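Right, one structure below, let's go through it.
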Amino acid sequence: MTAARTERLMDVLFVLLNASTPITREQIRQRVPGYDQGSDEAFQRMFERDKDALRDMGVPIELKNFDAVHDDVQGYWLDRKTWLLPDLKLTADERLMITLAASAWEDQQLTSVAREAAHRMGSMALRPHDGPDMRIGVGQTKVAELFDAITNKRVVTFAYESKSSQTVSDRVVEPWRLLLTGGAWYLVGFDEEREALRTFRLSRIVSAISVTNRSCVHDMPDDLDLAELVQSWSEIPGAKSTAVVRIDPGTCSNLRLRAKSVESTDTYDELTIEFGHKGRLLREVAAVCQYVQSVSPSELNADIANYIRQAIAVNS
Amino acid sequence: MNHIELLIRMLPWLVAHPGVPPETVAEEFGISAKEVLRLLDVLQYTGPGQYGGELVDVHFGADQGIYVMDAQKFDRPVRLTGAEASALLAGLTYLEQMPALADSTEVAILIDKISAALNPEPTVSIVTDVREHDCIQLLKSAIDAEVQVEISYASGSSLNASQRVIEPKRLLTRDDRTYVRAWCTEAEAMRTFRVDRIARASLSDLPQVVDINDQELVRDVTSWIDVILELDKEFLGDFDNDTVSSIHELDERRIRVSTKVANLEWLASVVLSAGGAITVVSPEEARDLVVSAASRWLE
């Protein structure tokens, strides 16, 4: 864009912004220096192009009737109330919080959207050097992809590997919310085939996420409590199971922290551990298996031995 | 972004930051300082008319800062798009939910204010473990009061929890995990501790003795051991994000990763905890450690 055109477009913008009623094309012509030369036709073409260019940049220029009396004359109108933000009367502290909020993303694309948001709120966008060291969406490109789909309420499809069956299936999901908990990212949404709420761990989405142009039809229920949902993951309906793990005395303090009770003898410490998910207990015991003497019940002991053998099989 | 879009963004922002130097504007908007001056030059000649009082009035102060004396009614910023408002809300939700970062009550008030005005679509929810919150508050007060803290720590690089006395310097967060950078009096070095692995913490009466500037807060991993692994993607989280130097996709599920670990015993323990999901490509020594650590179970 030439410097002359930039100046002209800015002039049009300011003329509209300062007008208290809709103004005609002719009135605009009189006030904008770039329009005073050339024929009427040349001016009209130029103005049409300029107006469209401004609209493309998000400036909501409307064509409006002057008033009830002159309903045959139309003028151009830029409504400050629709276009500009109301004054939120933010304090300096609040503007700093916005700066921090905008600078937390790891993803480049989300960062530039968030920075633009901060600028529009009248905040700085770059984190101050003494600001907190934080990062969100670490190593997760899928967060940015889903972010758009949630904002625009678009149905997404992807291939998902279920944890229990280890099988991959194609899912059609109305995305509701990204959930960050326990060091992992999840998508909470409405699974169209299963016709119910489902939670998907992003690391088990094994394909690219494709965003369809279909709109979501189910809203996230107002009473859905995600903290409760997370809580329910660690609680298996029915009773919890109990494992008794004997370890070398004084070892395995990580496992010990989780035990309900500990009994010490000269040759071993006996930990009583309550667990909901067997998978998690397998991981925890396998990690320290060199100090573990035995596990009961015996089926669990066999499961752990099996689990450890799998690790050995791929490393020898 | 063309000059007009930049000017639309920049002018109300300059109004909100009187006296800001051109270099800061350049940094904030990702353009050169020269370009900033050129844009200001355009502004000087623009307005609803051509006479005095009808043009935007921009001045340089004695401090070389930029002052907008008259913005010709363009003194309020443009409304946010849906995506922008959502990104802002998501970032604020992060600040609100992570007790290490900000006063969550103040953030909540701001979120209410913004929600009422912009009605953004919520995109991100964070559920943190409330059991960590007390520990984070304790670490915060230790940083402020510059006193030592005694912790019982279940380290990720050893199998046993240890008692340590640390001098907390700074809290940091990666996703929903909170870490504390602290001087460890036993190791006599800066260490990073994961707050969810601090089993017990108590404030000491003793003042901190080591004065560390921020530069030195960067963890030294030069003595760590280079390893190459092949693993299922979802186990990548077991390794320190900062030390991963390359990730190569093998198929939809498996990746090959070059990273560093503090010691091979720890690596062996992670490999065992992953069942068959992690294979050590190198060093070979680590594979031997995996086998010997499991020897009790292989009879």
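Of note:
- Charge sum, other residues only, whose C-beta stays under 13 Å from B:Glu106's C-beta, Lys/Arg counted +1 and Asp/Glu -1: -3
- Net charge over other residues, Cβ less than 10 angstrom from the Cβ of B:Ile126 (K, R count +1; D, E count -1): -3
- Here is the size of the range A:208-316 from its Cα atoms: Rg then Dmax, 19.8, 67 Å.
- Restricting the calculation to Cα atoms, the protein assembly as shown shows an Rg/Rh of 1.06 when the hydrodynamic-style radius is the Kirkwood one.
- Among A:Trp176, A:Ala92, B:Ile151 - extreme Cα towards positive end, dipole of the protein assembly as shown, charges at beta-carbon: A:Trp176
- Flagged links, alpha-carbon separation over 23 Å, of A:Lys89/B:Lys34; A:Lys51/A:Lys81; A:Lys64/A:Lys89: A:Lys89/B:Lys34; A:Lys64/A:Lys89
- At R0 = 22 Å, FRET efficiency that the Cβ-Cβ distance of B:Ser141 and B:Ser104 yields, to 0.05: 0.85
- Exceeding the 22 Å Cα-Cα cut-off - candidates A:Lys240/A:Lys260; A:Lys163/B:Lys233; A:Lys240/B:Lys233; A:Lys142/A:Lys278; A:Lys240/A:Lys278; A:Lys163/A:Lys278: A:Lys240/B:Lys233; A:Lys142/A:Lys278
- All-pairs alpha carbon distance profile, chain B, 5 Å steps from 0, percent: 1, 4, 9, 10, 10, 10, 11, 11, 10, 8, 6, 4, 3, 2, 1, 0, 0, 0, 0, 0
- With an a/c value under 1.5 for the gyration tensor axes a ≥ b ≥ c computed over the alpha-carbon atoms, the range A:141-233 is described as rounded.
- Charge sum, other residues only, whose C-beta stays under 14 Å from A:Ala286's C-beta, Lys/Arg counted +1 and Asp/Glu -1: +2
- Where a label projected 7 Å from the Cα of A:Arg55 along Cα→Cβ would reach, residues of the range A:80-107 with amide N under 18 Å: A:80, A:82-83
- Three-way shape label, the range A:3-83, alpha-carbon gyration tensor, a/c 1.5: oblate
Laboratory data are not the source of any read-out in this text; all were calculated from the coordinates shown. These numbers were taken from a predicted model, which means no experiment stands behind them. We place every Cβ from the backbone using ideal geometry, glycine too, and count neighbours over all the protein chains shown.
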